[in-house]
1. May I ask you to list the residues in the range B:24-44 that are surrounded by 18 or more Cβ atoms within 10 Å (Cβ to Cβ) and within 14 Å of chain A (Cβ to nearest Cβ)?
2. Only residues that are more than 10 Å from chain B (Cβ to nearest Cβ), in a loop (DSSP other than H, G, I, E, B) and not hydrophobic (A, V, I, L, M, F, W, C): list them for the range A:40-67, please.
3. Name every residue in the range B:196-235 that is within 16 Å of ligand 2 (Cβ to nearest atom), in contact (Cβ under 8 Å) with a residue 60 or more places away in the chain and not small (G, A, S), in order of residue number.
4. Could you name every one of the helices (runs of 4 or more DSSP H) located completely within the range B:64-160 that has at least 1 residues being within 11 Å of chain A (Cβ to nearest Cβ) and within 23 Å of B:P225 (Cα to Cα)?
5. Can you tell me how many residues within the range A:11-28 are in contact with a Leu (Cβ under 9 Å, 6 or more places away or on another chain) and surrounded by fewer than 20 Cβ atoms within 10 Å (Cβ to Cβ)?
6. Among the candidates A:L17, A:L21, which residue alone is over 19 Å from B:A87 (Cβ atoms), under 19 Å from the mean Cα position of the chain (by Cα) and assigned to a loop (DSSP other than H, G, I, E, B)?
7. Mind checking which residues of the range B:130-146 are near ligand 1 (Cβ under 8 Å from one of its atoms) and surrounded by fewer than 20 Cβ atoms within 10 Å (Cβ to Cβ)?
8. Tell me, which residue of the range B:45-63 that is more than 11 Å from chain A (Cβ to nearest Cβ), in a loop (DSSP other than H, G, I, E, B) and touching a helix residue (DSSP H, G or I) at 6+ places or on another chain (Cβ under 7 Å) is nearest to ligand 1 (Cβ to nearest atom)?
Amino acid sequence: MAKEMLKGNVAIAEAALRAGLEAYFGYPITPQTELLEHLSKRMIELDRVFLQAESEVAAVNMVYGAASAGVRVMSSSSSPGVSLMQEGLSYIAGSEVPTVLVDIMRGGPGLGNILPSQGDYFQVTRSAGHGDYRPIVLAPASVQEAIDFTVMAFDLAEKYRHIVIVAADGQIGQMMEPAELPPMREVRKERPDWALTGAEGRDPNVITSIYLKGEEMEAFNLKIQEKLSEIRRSEPRWYEFQTEDLDMLVVGFGTAGRIAYTAVEMARERGMKVGLLRPQTLWPFPEERLSQLADEIESVLVVEMNAGQMLEDVRLAVGGQIPVGFYGRMGGVVPMPDEILEAIEGHYNRLTVRTVRT
Amino acid sequence: MSAINFAPPENMEVVYERPESLAETHTHYCPGCTHGVSHRLLAEAFDELGLREKAILVASVGCSVFSYKYFDVDSCEAAHGRAPAMATGLKRVNPDAAVVTYQGDGDLASIGIAEVIHAATRGENITVIFINNAIYGMTGGQMAPTSLPGQKTNSSPFGRNVEMTGYPMRVTELLSQLDGTAYAVRRSLHDAKNIRKAKKAVLTALQTQMAGLGFSIVEMLSSCPTNWGMTPEEALDWVESEMIPYYPLGDYKVADSVANLDGGKRR
Ligand SMILES: Cc1ncc(C[n+]2csc(CCOP(=O)(O)OP(=O)(O)O)c2C)c(N)n1
Ligand code: SF4
């Protein structure tokens, strides 16, 4: 299929549909709304389920119902809406029904604004709801990655019977660039054997997240933890640029990572031995690769569109071996390449001073 | 739990049995609680309409949280108040299933009022069994939106003061105003005659759903002897003497399409 000019939100919607999305439930919120609008047309044309819910609270619980029936289902929202979905996400995690959520993040806290932000890194990567679990979080940095990760999200959700969040900042949702859509997949005919469909000719299935006895609840938690360990081993994904012959590494995800790429190119032109690691999975975080690189370099600079959230994961991965600097913009302000370059230079020069002294 | 012997003694005829749609198990309900009665009515209705293999029960948060264990049908357990939304998701992708939510008055009328109103207004083809016992049972007897004026509960120890806490909510009347509601009735479980009427209403509600006529709800005035601090018998009397005057029994909405089911016999 050829490349075409696509807006991020529309591309995600169309990619989900082509991945065999059978049901969508959502509620309008900027900067995500084109996603819902695109599906309101296409899903009905294809005789699939589209429903605009009365709230994000209802939307996520409709998703919970359809996911319990074993179909490919998703919702999409933006920061304040995702806050409202936390309860439902926790029930979904506790019931192990495959679910995809797209979060086109905006500036907060509160009603905030509709500008691109990465201020919900903690919200999506920690648990996205009460209880002891973490969803898989995919962070695209381009419209093409948004498409590819959306398709991958359904496969991962089903493989692990877990929540996958595609977390993009508003920039990815709103911008247009050339990208290629996947071929159309049919909606799957069969349902998994655990699904709620009516117990025709079989024993009844039950989907629940309640375990009254401490030991049973603990056993279930251990089962989830085992699954999460497997995800941690198998699913970290990242993108690397100029990581050979390296003094300093820049780490950034999504739009911040993409702009940092340009800044790293500029720094290399100026003779600084700088490279980029852009996590594509925020959870599982590519901690092993980061820790390997940290063994070989002098310092790390984290760049985010927030006050320093992924920064904590970078520090954990680096483990105090080397200094970790930070450059961030907040509230919907997108950093420019030359600002990041300046931060790189500042950090790099301190490093040189320190190396000269010792 | 010790094994239960359900086999009838020899030389005796079976005249009354566990419906197939009920699981062979004990329930955890208090003695004299009417949750057991409403379970049985729903299970009998599934059996009689041949819906056991099509049924999907959405249990809610309240004393009936484990009702999914008591029915021998596909089932799940929704978040507090969200059963109609979960049921919507299930029904939209399983249009041939009989999707039923089973909700208490705290669950449906308080935390879940938005979800049930919107399910009704969409004419969602689901059936809601609404258990109104005028109290929060599971959490130990706090005031519900349906608690009566003056009713003493553990969170209204001086009696429900309507000036401070508002008035009891008549949910079935409220939902009957919505165009998407096809069938909305109130019944009571305080005696055999009324229980039989409640059963008929459950049958009609399920038929409404299976015919795709829209949203159906059967409210059942129920007893909670434990949290009302009464014997089971006193509690049933209280339903009749105190609840029915505030919550009149009757059919609040029977759409023409529903009345015409079975060739109009329901008129
Ligand atoms: C979000 C949330 N808030 C509060 C609770 C605690 N809670 C459990 S059951 C219940 C009330 C149930 O009352 P009702 O729906 O009337 O059912 P009953 O127990 O009387 O059958 C409450 C408040 C909860 N489980 N979840
Ligand atoms: S507390 Fe009340 S509603 Fe709950 S089981 Fe006991 S009697 Fe029934």
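1. If the condition is that a residue be surrounded by 18 or more Cβ atoms within 10 Å (Cβ to Cβ) and within 14 Å of chain A (Cβ to nearest Cβ), then B:A43 is the only one that fits.
2. Passing the criteria: only A:D47.
3. B:E219, B:M220, B:L221, B:C224, B:P225, B:T226, B:N227, B:W228, B:T231, B:P232, B:E233 - these are the residues of the range B:196-235 that are within 16 Å of ligand 2 (Cβ to nearest atom), in contact (Cβ under 8 Å) with a residue 60 or more places away in the chain and not small (G, A, S).
4. Values: elements: B:67-70, B:83-93, B:113-121.
Filter on the range B:64-160 gives B:67-70.
5. Total meeting the criteria: 2.
6. Values: A:L17 fails: assigned to a loop (DSSP other than H, G, I, E, B).
It is A:L21.
7. Listed by number, the residues that qualify are B:M138, B:T139, B:Q142.
8. B:G62
The values are calculated or read from the model by the stated rules, or taken from the named source; none is laboratory data. Bear in mind that the values here come from a model prediction, so they are computed numbers and not experimental data. A quick note on method: Cβ atoms are made from the backbone with ideal geometry, for glycine too, and the neighbour counts reach across all protein chains shown.
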